[in-house]
Structure formats: structure tokens, C-alpha cells
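Written below as C-alpha cells is the structure these notes are about.
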Amino acid sequence: MLPGVDGDRREGAGDPAEEARDAREVLQGLVERVTYHDPETLYTVLKLAPEKGYEVASDDLFRPGRASAVGRAVEPSEGLRVRLCGRWGEHRAHGKQFEFDSLEPLPPADERGLVRYLASKAFDGIGETLAQRIVEALGSDALEKIRTDASCLNGIRGLRPDVAATLAETVVAELDRHKASAFLRGLSLGPWQAATALATLGADCERRVREDPYVLSDEVHGIGFKTADKVALELGLALDDPRRARAGLLHALERDADDGNSFLPRTELLRKTSNLLDDAVDPAVLETTLQELHKRREVVVEGQEDGDARVYPPRLHHCEQGLADRLTKLLAHETPPLADEARVAALAHEQGIELHPDQSSAVLGLLSSPVALLTGGPGVGKTTILRFVVALAEAAGCKVALASPTGRAAKRLAEASGRDASTVHRLLRYDPAEGGFQHGPDKPLEADLVVVDEISMLDLVIAYHLAGAIGDSTRLILVGDPDQLPSVAAGNVLADLIESHVLPVHRLTRIYRQAAGSRIVTNAHHMLEGLPPDLPERGDTDSDFYFFPADDSERAADRLVEVVTERVPRSFGLDWMRDVQVIAPMYRGACGVDALNDRLREANGVGGLELQRGGRRWRLGDRVIHTRNDYEREVFNGDMGRIVEVEPDGRLTVAFENRRIEYQAGEIGDLMPAYAITVHRSQGGEFPAVVIPVVPEHSLMLQRNLLYTAVTRAKRLVVLVGSWRALCMGLENQRRGERRSALAERLRAAGER
């Protein structure tokens with residue numbers, strides 16, 4: 001530790017027996033240069049001058065007495081004395097280097113080392129001459145003296161008062177930073193976790209963590225309950241401590257929200273929390289803690305005192321009630337029709353389209369209501385209806401805004417309508433700096449009609465903000481397929497809107513002639529009814545739907561790779577890297593997303609530079625998908641591209657459809673491999689060809705609506721690979737995983753008021 005720093009050491013540091021046991025080595029010395037440091041990933045490259053006893057043999061790969069060291073650490077200052085634990089390794093480009101997994105700051109070994117430390121870049125305005133004078137005046141314990149009483153710097157020749165004040169502040173900050181970092185690393189937090197906790201909680205983090213270890217999971221992004229709970233127990237917190245009960249209740253509630261639920265029944269929340277805490281907390285303590293959380297508005301308990309009471313995270317309760325109230329208010333407005341039967345017929349004649357009476361009725365209904373819902377599966381004419389609605393609304397002088405939950409879905413909507421479309425976030429003008437939307441009740445959208453497609457993906461929070469941005473005189477049309485998977489985040493918006501029977505719902509069911517000739521469309525509807533797909537005769541190469549049998553998962557994976565990389569390109573003239581998307585139900589297993597991405601990457605064969613980050617390899621030519629909305633760089637969740645540059649320092653460049661985006665090392669977490677993606681990740685997208693593994697090991701996820709969602713992502717070709725029995729089991733499984741939501745109930749209650 002630096003002088004005056006009484007931090008915890010990493011377990012085993014300084015214990016030769018422990019180091020021998022885990023085969024770690026030690027390198028100790030002075031940091032001569034910080035060659036590279038990434039503040040996001042903490043990846044650090046150091047040039048070290050080893051101390052006596054830690055000398056590095058001189059050979060062709062080293063300057064005499066110098067060593068390269070790489071690892072993850074809060075950036076050390078040049079001139080700092082450190083102790084590294086790790087192993088010697090050989091890098092193919094940079095030669096021999098010490099790969100450390102822990103870095104411990106040490107006090108300067110002598111006054112010469114102290115001078116060098118004070119003269120480093122860490123202390124602005126202090127050169128070697130001033131550093132020498134400070135050490136001569138204050139001695140070897142200069143840092144502790146400065147931290148204790150900054151006035152000790154008064155009178156040192158050449159040291160201006162402003163520079164002395166900055167020096168004192170920096171010494172305190174540096175020592176506190178190293179002390180806090182050592183404390184956090186002593187709790188077995190990884191380098192990135194310790195650095196993030198330090199950046200979030202500040203130099204006072206040790207006091208805050210000791211007072212309540214669960215501040216780590218409450219406030220620090222990337223640290224979960226299990227890690228915080230482990231830290232709490234390491235710090236001696238009792239198993240039945242009320243702080244542990246509070247953290248367990250909140251975690252159980254949030255984990256359930258991550259599964260899509262808006263609330264948990266009170267008795268179930270108490271049971272899940274008790275299981276989470278290994279039944280170590282008395283039920284009476286949990287009951288009392290829950291009541292306290294409700295009083296402090298950290299949860300909302302709604303309903304009776306018995307087990308039927310609902311417990312909500314406050315934000316979800318607010319959004320559920322607010323969405324119901326806003327939709328009810330919008331529905332109360334009287335809106336004159338924007339078109340009549342004659343105008344609909346005239347437009348149909350103009351476009352050479354013969355509308356079925358159900359379609360005409362849907363167009364008129366959608367243009368007559370303040371809020372309305374259009375639903376239906378593939379091939380039933382939703383796109384045609386949307387085009388008619390938009391054209392007729394514009395002909396009536398309306399300003400129309402189009403949006404979808406994801407970038408890919410917005411692109412499809414734009415192509416279908418022939419007009420600009422955006423994501424819902426962009427429509428509402430999300431402000432990343434403020435973390436909120438610019439459009440809302442105080443600044444509604446400047447549109448006469450807002451159309452939102454693919455609302456099966458719309459979660460409760462976004463639906464609430466969308467409804468709040470709809471002005472009193474603006475019409476809202478929502479479009480979606482209720483048989484697809486629900487949103488990833490909490491809520492059951494589309495199903496609740498239909499179930500409420502408060503909104504006018506126009507459901508199209510008739511499959512039209514052009515779509516009826518496609519096995520993709522007919523089989524999608526068959527699968528919804530639990531019927532096996534209709535397959536072509538053996539040797540038929542004119543179909544758009546095929547099944548390739550494989551007995552087990554390993555064989556299915558082998559065959560899937562062959563189908564994707566050889567059969568589909570050969571038989572259908574498709575470029576598999578561009579046109580074929582593998583969609584799998586799960587990440588794990590031989591036919592899971594992770595394994596298939598590895599297999600297909602190797603089949604791609606594009607080699608050269610590669611790097612490893614977050615347990616994943618990234619290689620030149622890899623197909624990737626962006627996983628969050630980045631409004632500053634205009635790259636969005638679901639955008640797909642290919643890696644076209646890999647830099648040795650950890651940067652990647654990805655070519656998307658219309659532009660290239662560079663990712664710094666700390667931004668690579670926004671990417672995932674995309675040779676194979678999950679069904680949820682595919683929602684809103686459409687691909688020329690889709691290949692789907694169907695194997696028994698995915699039985700927990702194989703459900704009718706999941707298979708239906710995957711199949712309906714394809715435009716030209718669907719290929720299923722795997723077990724016919726597993727497919728039939730999935731089609732028999734109608735279990736959708738009931739989501740707990742009271743939106744439909746609130747809508748009905750609001751309508752009755």
C-alpha cells in the first residue's frame with residue numbers, strides 16, 4: 001500500500017504457499033510508462049522497471065532490466081511502485097510479457113522513488129526539480145504529511161500556492177483512490193467491477209459499502225445481487241440482517257420484471273425471496289421489511305393485505321396506471337371519419353386492388369377511431385391496409401408519423417408504406433444526456449396520425465411514454481400480430497389491449513391468393529393451430545419450406561452448417577453470409593446460438609486479425625448485430641453488419657448497410673455475433689432465408705408461438721433442421737408463459753368511471 005493506506009490485500013497476496021498453489025508469479029517494480037489504458041475495459045499495458053530480486057533476463061525481446069506487463073487495472077500513475085501477480089506469457093506479436101490479474105500499489109521504496117512519483121503525470125505542475133525540493137523538505141513520508149496537513153507545503157521554494165493546493169488535492173484523491181480500489185479488490189471484485197464501483201460511488205465508497213454492501217447492486221451498473229450478497233457476507237453481515245432482506249425482496253421483484261411480469265403476488269414474492277436467501281431470514285422480518293419498502297415508496301403494494309396483494313416496482317406501477325388513463329382519455333375524444341366507402345373504393349380502383357369487405361371495413365374503422373388496433377398473421381393483408389390508411393389520411397390533410405420498436409422493423413415499415421419511418425425512441429426524441437424523451441404530455445408529437453407497427457415488441461414503459469406523447473387531437477393506430485412472442489421487457493401490452501375489449505380491434509384472418517401459394521404463410525398458420533407443416537415431395541426444389549431430419553443435436557448442428565453454407569447457396573443462389581439467417585430457440589447446447597455462431601464463423605473462413613473481449617472472439621469478416629440504440633452515432637438495436645477492421649489495440653470497425661462505425665475496446669459489448677441469433681433477437685426483422693434448429697434439448701423453449709415467430713421472419717425460404725418429434729412436441733406446447741399484468745383490468749375500470 002501507499003503510505004497511510006490501510007487497505008485490504010487480495011487474498012493470498014504475499015503468501016508464498018498460496019501463490020504456489022495457484023501457480024501465480026510476482027513481478028514488482030516501478031511503472032516507467034503506461035503504454036496503453038482503456039478506461040472502459042481497464043485493459044492496461046505497462047512498461048516496468050523491475051526491482052532487485054525481480055530482474056528480467058536480458059534477451060532479444062527485452063531492453064535490459066525492463067518488462068512489458070498487460071492486464072486490467074485502474075490506471076496506475078507513471079512513477080508508481082507496484083506489485084503484480086500473474087504469469088509470464090508469450091504474445092505472438094509482442095513477445096514475452098507478464099500477464100497480471102492483480103495490481104497492488106506500494107509505497108515508494110526510497111526518496112528517489114518518491115521524487116519520481118511526485119514528478120509523474122499524476123501531479124500537474126510538479127516537475128523533477130520541485131519534486132526533489134518537496135522530498136528534501138518533508139522526507140520519505142511526504143505523501144502522508146501532505147494528506148494530513150496541506151500547509152506543510154508552505155515555504156517550499158518555487159511552489160506556487162495554486163500548484164500546492166492542486167498537489168494536495170491530487171495526493172488525497174490518489175491515495176483515496178488506491179485505498180478504495182484495494183478495499184474493493186480485497187472483496188474479490190474483478191478489476192472492471194472495482195473500477196466501476198469506484199467511479200460510481202466515489203472515494204467514499206469504502207464507507208458506503210461497509211454500511212450497506214447492497215449499494216453495489218443498487219447503484220453500480222454491472223454488479224448484481226449475488227455479487228453484492230457475497231461481499232456482504234464477506235464483510236460479516238448476518239444472514240438475517242434486515243439489509244439483506246431488503247436487498248433480496250427488491251432483487252426478486254426486479255428479476256421477475258426481467259421475465260416480463262409487471263407485478264408479483266405478495267405471497268409469491270415472499271416465497272421467492274426466502275428461497276433466494278436460503279431460508280435464512282425469518283418470514284416475519286421479510287413481512288416487516290416489505291411494509292417498510294412500501295412506506296418508503298421503494299415498492300408499491302396494491303390490493304388486500306392477504307396473498308392477493310400485488311407488489312410492483314414503482315416505475316411499472318406508474319406506467320401501467322398511466323398508460324390505462326391516457327388511452328382512456330384518448331378514446332373519449334370524438335373524431336370524424338377521415339374517409340368514406342366511396343373514397344376507399346376510389347383508391348382501390350386507382351391502385352388496381354380489389355379489397356375484400358373485411359379489408360374495407362378495417363380501413364374505415366381505423367380511420368374513424370381516435371385509437372384503434374389492427375392485428376393478423378402473415379399473408380392477411382396488413383401491409384395493404386396500412387398503405388390505404390396512410391394514403392387516405394394524407395389525402396384528408398393529415399400529417400402522418402410512422403414508427404416501430406426496432407430499427408429493422410422501422411425499415412420494413414418504411415419499405416411497405418413508401419414513407420419515412422423511425423424507431424419509437426427516435427419518434428419521441430430520446431435524449432441520451434438527460435435519459436428521457438423530449439416528447440411527452442408537455443410537448444406532444446406534431447402529427448395528426450401516429451401509426452406504430454410490430455407492437456407485440458412494445459413493452460409497458462415505452463408504451464406509456466408513447467401514449468403520453470399523443471396529443472388530444474392526434475389519432476393512434478397500433479398494428480401487431482398477437483401470436484408472436486411478447487416484448488423482452490416487462491409488460492403484455494398487445495395481449496392486454498385486445499383482452500380489455502376497450503379499444504376497437506380489427507383482426508384480419510383471410511389469407512389472400514398471392515400469399516396462399518406460399519408454404520411459409522400456410523405453414524405458419526398451420527403451426528398456430530398446432531398442425532405439422534406441409535412439406536414438399538422429395539426432390540421438389542420449387543418449394544419455400546423444407547425439413548432436414550437429424551437424430552440428435554450434434555448431427556443436427558453438422559447438418560445445419562451444411563444446409564446454410566452449401567445446400568441453400570447451391571440450390572437457391574443465395575449468398576449465405578448475406579441472405580441466410582440462423583434463428584435458434586436458446587443460447588446453450590450444440591444447436592444453441594453460441595455454438596452455432598462458432599461453427600458458422602469457422603465455416604466462413606475469413607481469417608486474419610482477431611481479438612478476445614468479454615469471453616468472445618471477434619474476427620475480421622465476422623457477422624455481428626448491434627444490441628442497443630445509440631442515437632449519437634445513429635446505430636440501433638438490431639442493426640446487422642460485418643467486421644471490416646480489427647486493430648491490435650482492441651478497436652473494431654463494422655460496416656453496416658449505409659455506413660461504417662468504429663467501436664472502441666469498451667464499446668464492443670454493444671455487439672453480438674450474428675451468424676445465429678435468438679428468436680427474440682430476430683423480432684421485427686425479415687430475412688430472405690431462415691434456418692431453424694429444432695432439437696429435443698431445446699424442449700423447454702419449444703413453444704408454438706416461438707416457432708411461429710421464427711418461421712414468419714422469412715421472405716423466400718424456411719428450412720427446419722433436427723427432430724420431427726421435437727417439432728411436434730413444440731407445436732403441441734401452447735404454454736406461453738403467462739405474464740402478470742393488470743393493464744386490461746385497469747383499462748376496463750377506467751372505461752367504467
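The values are calculated or read from the model by the stated rules, or taken from the named source; none is laboratory data. Note that the structure is predicted; figures quoted are calculated from it, not measured. Every residue, glycine among them, receives a Cβ derived from its backbone with ideal geometry; neighbour counts consider all protein chains shown. Quick note on the areas: whole protein, heavy atoms, side chains included, nothing else; ligands and nucleic acids left out. Shrake-Rupley method; radii C 1.70, N 1.55, O 1.52, S 1.80 Å.
With the simple spin-label model, which puts each label point 7 Å out from Cα in the Cβ direction, the Ala414 to Asp431 separation comes to 2.5 nm.
Modelled spin-label separation between Lys230 and Ala150, with each label point placed 7 Å from Cα along the Cα-to-Cβ direction: 3.9 nm. Gain on full extension, evaluated as 0.36 nm per residue between His349 and Val488 minus their Cα-Cα distance, stands at 45.9 nm.
Kindly list the residues of the range 333-364 that lie in the label zone of Thr509, defined by a backbone N under 18 Å from the point 7 Å along the Cα-to-C-beta vector. Counting only backbone N, you get 356-363.
Take the range 389-527 with all the other protein chains still there, run a 1.4 Å probe, and you get 40 Å² of accessible area per residue.
In a fully extended conformation the segment linking Asp575 and Glu51 would gain 182.8 nm over its present Cα-Cα distance, using 0.36 nm per residue. Longer than 24 Å from Cα to Cα, which of Lys272/Lys295; Lys52/Lys145; Lys145/Lys179; Lys96/Lys121; Lys295/Lys443; Lys411/Lys715 are they? Say none if no pair is. Beyond 24 Å: Lys52/Lys145; Lys96/Lys121; Lys295/Lys443.
Roughly how many debye, to the nearest 20, is the charge dipole of the chain about its Cα centre, given +1 on each Lys and Arg Cβ, -1 on each Asp and Glu Cβ, and no other charges?
Magnitude of the dipole: close to 1060 debye.
Beta bridges from DSSP with both residues in the chain: antiparallel share about 60 percent, rounded to the nearest 5.
Between Thr541 and Arg735, how high is the FRET efficiency from 1/(1 + (r/R0)^6) when r is the Cβ-Cβ distance and R₀ = 56 Å? Nearest 0.05. Please list the in-between numbers first.
On the way: r = 37 Å, r/R0 = 0.65.
Efficiency, rounded to the nearest 0.05: 0.95.
Among the listed values (1) 0.98; (2) 1.14; (3) 1.08, the one matching Cα Rg over 2.2 N^0.38 Å as calculated from this structure is (2). Give the residue from Ser699, Ala595, Gly248 lying farthest towards the positive end of the charge dipole for the chain; charges sit on Cβ (+1 for Lys and Arg, -1 for Asp and Glu) and the dipole is referred to the Cα centre. With unit charges placed on the Cβ atoms, the residue in question is Ala595. Atom-type composition of the exposed protein surface of the range 631-715 places 43 percent of the accessible area on carbon and sulfur (1.4 angstrom probe). Divided by 2.2 N^0.38 Å, where N counts the residues, the Cα radius of gyration of the range 285-348 comes to 2.06. A simple spin-label model places the labels of His91 and Arg33 1.3 nm from each other, with each point 7 Å out along Cα-to-Cβ. Computing FRET efficiency as 1/(1 + (r/R0)^6) for Ala280 and Arg208, where r is the C-beta to C-beta distance and R0 is 22 Å, gives about 0.35.
Placing R0 at 45 angstrom, the Cβ-Cβ distance between Asp124 and Gln291 gives a FRET efficiency of 0.30 after rounding to 0.05. Across the range 255-324 the C-alpha pair distances fall into 5 Å bins from zero in the proportions 3, 16, 26, 28, 18, 6, 2, 1 percent. When the accessible area of the range 268-308 is computed with all protein chains present and a 1.4 Å probe, what percentage of it is carbon and sulfur? Percent of accessible area from carbon and sulfur atoms in the range 268-308: 46. Seen through its C-alpha gyration tensor, with square-root eigenvalues sorted a ≥ b ≥ c, the range 104-197 comes out prolate because a/c lies at 1.5 or above while a/b is bigger than b/c. From the square roots a ≥ b ≥ c of the eigenvalues of the alpha-carbon gyration tensor of the range 212-259, which class results: rounded (a/c under 1.5), prolate (a/b over b/c), or oblate? Note, shape of the range 212-259 comes out oblate. Note on surface exposure: Ser682, Ser360 rank Ser360, Ser682 by accessible area, highest first, 1.4 Å probe.
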